[in-house]
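Worksheet: one structure, shown below.
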Amino acid sequence: MELYHPGAVFPGIVGGIGLLLGLYALGSLDAQFGGVLLIVLGLGLLAAEAFVVSHGLLAGGGMVSFILGSLMLFGGGSPDLRLNIGLIAVTAVCMAAFIAFLLGAVIKARGRPVVTGRESLVGTIGKALTDLRPEGIILAEGERWHAESLEPVTAGQRVVILEVEGLKVKVKKADEG
């Protein structure tokens, strides 16, 4: 399904995990090698979460693949050589908490206002360095800007930036409140 609809993410994750589990079930992969491949797939999916917008699907698939691979890795043989389930659970919970922390930081960063570029200038307060009749020079954010105003502004008055057009800003008088 992922081949017909690239970027759907979910079919690719389920298909990758299902392919490795199917190869194990058919006897093409032994348990240890299948477990290692599932763990590598899980870590790869967790790493891909940082670069692909999947809204947590890659991280969830990575956690499922990591847990299944860990369970398969030492599944057979004597009970002394088995991996402790508590260790798998603690590792999975720590990884999930770390991924949740990273996703929360990304979501918080996306909600912040723009602080650079021309979008950050709109709405800021500046000071007219020359008379604006209708054009002149203002000082805003520590920079001198060529400005245009629809109403006359005298030097020293505060102005609000309304729009940025190239290297020129359009302004109006700021309210004195």
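The values are calculated or read from the model by the stated rules, or taken from the named source; none is laboratory data. All of these numbers come straight from a predicted model, not from anything done at the bench. With ideal geometry, Cβ positions are generated from the backbone for all residues, glycine too; neighbour counts draw on all protein chains shown. The area values use the complete protein model at the heavy-atom level, side chains included, leaving out ligands, DNA and RNA. Shrake-Rupley method; radii C 1.70, N 1.55, O 1.52, S 1.80 Å.
Averaging the sequence gap over all C-alpha pairs within less than 8 Å and six or more residues apart, then dividing by the number of residues, gives the chain a relative contact order of 12 percent. With the simple model of a label 7 Å out from the Cα in the direction of the Cβ, residue 43 to residue 23 spans 1.7 nm. When semi-axes √(5λ) of the Cα gyration tensor in Å is computed from the coordinates, the matching label among (1) 32, 16, 14; (2) 48, 14, 13; (3) 62, 17, 10 is (3). Annotation: amide H of residue 147 within the under-5 Å range of 136, 137, 138, 169, sequence separation 5 or more or interchain, hydrogens built in the peptide plane. Note on residue 141 and residue 175: with the Förster distance fixed at 22 Å, the Cβ-Cβ geometry gives a FRET efficiency of about 0.70. For the pair residue 112 and residue 97, label points projected 7 Å from Cα toward Cβ lie 2.5 nm apart. For region 24-38, backbone phi angles converted through the Karplus equation (6.51, -1.76, 1.60; θ = phi - 60°) give residue-by-residue couplings of 5, 5, 7, x, 6, 10, 7, 4, 5, 5, x, x, 5, 5, 5 Hz, Gly and Pro being listed as x. Working note: Debye formula, equal point scatterers on the alpha-carbon atoms of region 68-119, no solvent; log10 I(q)/I(0) at q = 0.19 Å⁻¹ is -0.74. Note on the chain: with charges restricted to the Cβ of Lys and Arg (+1) and Asp and Glu (-1), its dipole about the Cα centre is near 240 debye. Of all DSSP bridge pairs formed entirely within region 59-177, close to 80 percent run antiparallel. Amide H to amide H distances under 5 Å link residue 29 with 24, where only residues 5 or more positions off or on other chains count and H is placed in the peptide plane. Phi angles across region 146-156 convert, under the Karplus curve 6.51 cos²θ - 1.76 cosθ + 1.60 with θ = phi - 60°, into 3J(HN,Hα) values of 6, 10, 10, 10, 6, 10, x, 10, 8, 4, x Hz, Gly and Pro given as x. Helix 57-73 and the long axis of the chain differ in direction by around 20°, with both axes built from C-alpha atoms. A dipole drawn for the chain from +1 and -1 charges on Cβ atoms has a positive end, and of 136, 11, 116 the residue lying farthest that way is 136. If R0 is 35 Å, the Cβ-Cβ spacing of residue 33 and residue 53 corresponds to a FRET efficiency of close to 0.60. What is the distance in Å between the Cα centres of region 116-177 and region 36-108? For region 116-177 versus region 36-108, the Cα centre distance is 53 Å. For residue 83, the amide hydrogen comes within under 5 Å of the amide hydrogens of 74, counting only partners 5 or more places away or on other chains and with H modelled in the peptide plane.
Relative to the dominant Cα principal axis of the chain, helix 85-110 is inclined by about 20°. Solvent-accessible surface of region 1-122, taken per residue with a 1.4 Å probe and all protein chains present: 66 Å².
Rolling a 1.4 Å probe over the protein heavy atoms of the chain, with every protein chain left in place, gives an accessible area that is 67 percent carbon and sulfur.
Our helix-only sum for the chain, with -39,500 (n - 2.57) per DSSP H run of n ≥ 4 divided by its residues, gives a mean residue ellipticity at 222 nm of -15000 deg cm²/dmol.
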